[in-house]
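Student: A single structure is presented below for examination.
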Amino acid sequence: MTAPWDFPDYDDHEGVHLFRDQASGLTAVIAIHSTALGPAAGGTRFWHYPNRADAITDALRLSRGMSYKNAMAGLPMGGGKGVILADPQRTKTPEMLAAFGRAVDSLGGRYVTAEDVGMSDADMVEIRKQTMHVAGLPVGSDAAGGDPGPSTSLGVFLGVKAAIRRAMKRDDIAGVHVAIQGVGSVGGTLARRLAAEGAKLTLADVDAARAERLAAELGAVTVAAGDIARVEADVFSPCALGAILDETSIPLLSAPIVAGAANNQLATKEDGARLHARGVLYAPDYVINGGGIINVGLEYLGQGDRADVEERIGHIPGRLEQIWDESAATGDPAAEVADRIARRLIGRV
Ligand code: NAI
């Protein structure tokens with residue numbers, strides 16, 4: 001049997017905690033990558049994994065990603081991630097959530113959870129009954145916190161505009177063509193913001209009716225989900241799945257800018273270099289999509305309201321500029337530069 005520190009994705013994680021509660025059926029992993037900047041924050045994923053090793057790998061990768069994302073967002077928080085191993089029916093019970101809440105609490109605040117894939121704010125309310133180390137709870141409209149989608153979308157919108165400013169040398173986006181993959185919580189709001197400033201939009205979603213409805217509302221056009229990355233646009237904005245930029249899709253890309261919300265857009269590390277070699281201006285995903293964690297981070301820290309969240313999200317374009325400047329100066333891909341800056345911030349070189 002392989003121990004967590006023998007996994008290829010183990011990166012001197014401070015802790016990898018395995019939890020099992022027989023009474024509720026909970027099997028969970030909490031990985032703490034770094035607490036150098038503060039409590040390790042990152043959502044909990046509820047997912048059916050084919051085996052336990054895959055769940056550990058996911059927790060190791062995602063927690064490192066959260067260290068990078070939180071550091072780049074300027075939050076006094078480290079990186080961690082929870083993973084609950086669901087059964088094939090994805091049965092989630094209050095007892096299981098309570099057991100997970102006790103697991104989080106046992107770490108004494110070194111790990112702070114929130115929602116991720118498969119978890120809702122209602123689940124956070126259940127977990128809150130067992131521990132105070134949880135964010136993403138329902139809040140009032142002027143407060144920090146709650147649904148991270150709108151905050152993520154604001155950061156991506158500002159990031160897309162920063163990329164257009166840099167690559168196309170223009171401040172206004174009227175007539176600039178943006179192709180959006182996935183018009184859910186983040187992509188849908190992004191489309192509305194871009195349309196309000198006159199951008200030309202092409203939308204795609206595996207839920208074709210959803211894309212059609214939004215296109216009709218915004219005067220946009222749609223294409224089949226499989227064709228969106230090839231659309232001849234100024235910006236390709238991935239707002240659906242991860243790992244969509246790989247050795248097959250990158251050569252087919254038409255847009256000179258890639259800037260979107262999806263987590264883990266690059267299938268492998270080499271794909272950052274592939275984008276760079278093609279001259280694509282890439283906005284590293286964990287930098288441009290940091291708005292949501294800023295929102296729940298400030299909620300947990302009790303440091304401000306919605307106006308403060310928006311003020312901090314306003315720094316995302318500056319961070320992207322820093323990355324693009326360093327990339328231009330060194331000739332290194334933006335993805336690599338971002339990792340380097342993030343590791344510097346958390347004291348890992
Ligand atoms: P969502 O579930 O609300 O929307 C995703 C949309 O993508 C859905 O409409 C879905 O039908 C569509 N979709 C799925 N596969 C597709 C495909 N192959 N082609 C085209 N469309 C496809 O999710 P949400 O919250 O909008 O998140 C979007 C992405 O942004 C995800 O990768 C997520 O991890 C990432 N993200 C979201 C944050 C948030 O605050 N919601 C924060 C940071 C990252």
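Student: Report, in debye and to the nearest 20, how large the dipole of the chain comes out about its Cα centre when Lys and Arg carry +1 and Asp and Glu carry -1 on their Cβ.
Tutor: Magnitude of the dipole: close to 220 debye.
Student: Please label the shape of the chain as rounded, prolate or oblate, based on the square roots a ≥ b ≥ c of the eigenvalues of the alpha-carbon gyration tensor (a/c under 1.5 means rounded; beyond that, a/b larger than b/c means prolate, else oblate).
Tutor: Prolate.
Student: Considering only the other residues whose Cβ falls under 9 Å of the Cβ of GLY79, what net charge follows from Lys and Arg at +1 and Asp and Glu at -1?
Tutor: Counting the neighbours of GLY79, the net charge comes to +3.
Student: Here's something else I'd like to know. Evaluate the charge dipole of region 1-120 about its Cα centre and quote only its size in Debye, nearest 20, assuming +1 on the Cβ of each Lys and Arg and -1 on the Cβ of each Asp and Glu.
Tutor: In debye, rounded to 20, region 1-120 gives about 180.
Student: Next up: Pairs of alpha-carbon atoms within less than 8 angstrom and 6+ residues apart define the contacts here; what relative contact order does region 137-269 have, in percent?
Tutor: Once divided by the residue count of region 137-269, the mean separation gives 23 percent.
Student: Okay, moving on. So for THR91, THR44, fewest C-beta neighbours within 10 Å to most, what's the order?
Tutor: If I rank by nearby Cβ atoms, fewest first, I get THR91, THR44.
Student: Calculate how many DSSP beta bridges within the chain are antiparallel, expressed in % of all such bridges and rounded to the nearest 5.
Tutor: So the antiparallel bridges amount to about 35 percent of the total.
Student: Compute the angle between helix 316-330 and the longest alpha-carbon principal axis of the chain, please, reported from 0 to 90 degrees and rounded to the nearest 10.
Tutor: Helix 316-330 sits at roughly 70 degrees to that axis.
Student: Right, something else. Quick one: grab the alpha carbon gyration tensor of region 1-127, order the square roots of its eigenvalues as a ≥ b ≥ c, and give me rounded if a/c is under 1.5, else prolate or oblate depending on whether a/b is larger than b/c.
Tutor: Because a/c hits 1.5 or more and a/b fails to exceed b/c, region 1-127 counts as oblate.
Student: Counting other beta carbons within 10 Å of each Cβ, put TRP5, TRP324, TRP47 in order, fewest first.
Tutor: Lowest count first: TRP5, TRP47, TRP324.
Student: Roughly how far apart, in whole Å, are the Cα centres of region 235-288 and region 57-111?
Tutor: 26 Å
Student: A further question on this structure: Using the number of other C-beta atoms within 10 angstrom as an exposure proxy, rank TYR49, TYR111, TYR286 with the fewest first.
Tutor: Fewest-to-most ranking of TYR49, TYR111, TYR286: TYR49, TYR286, TYR111.
Student: Next up: Between ARG213 and ALA243, what is the label-point separation in nm under the 7 Å Cα-to-beta-carbon projection?
Tutor: 3.0 nm
Student: Set the Förster radius R0 to 35 Å, insert the Cβ-Cβ distance between ALA143 and GLU95 as r into 1/(1 + (r/R0)^6), and round the FRET efficiency to 0.05.
Tutor: About 0.70, to the nearest 0.05.
Student: Given contacts defined as C-alpha pairs under 8 Å and at least six residues apart, what's the relative contact order of region 171-224, whole-number percent?
Tutor: Relative contact order of region 171-224: 35 percent.
Student: Hey, another quick one. About the Cα centre of region 103-161, how large is the charge dipole given +1 on each Lys and Arg Cβ and -1 on each Asp and Glu Cβ? Please answer in debye to the nearest 20.
Tutor: Dipole about the Cα centre, nearest 20: 200 debye.
Student: Taking only DSSP H segments of four or more residues, each worth -39500 (n - 2.57), what value at 222 nm results for the chain once the sum is divided by all its residues, to the nearest 500 deg cm²/dmol?
Tutor: -12500 deg cm²/dmol
Quick note: the coordinates plus some simple rules give every number you see, no bench work behind them. None of the values given here were measured: they were computed from a predicted structure. We place every Cβ from the backbone using ideal geometry, glycine too, and count neighbours over all the protein chains shown.
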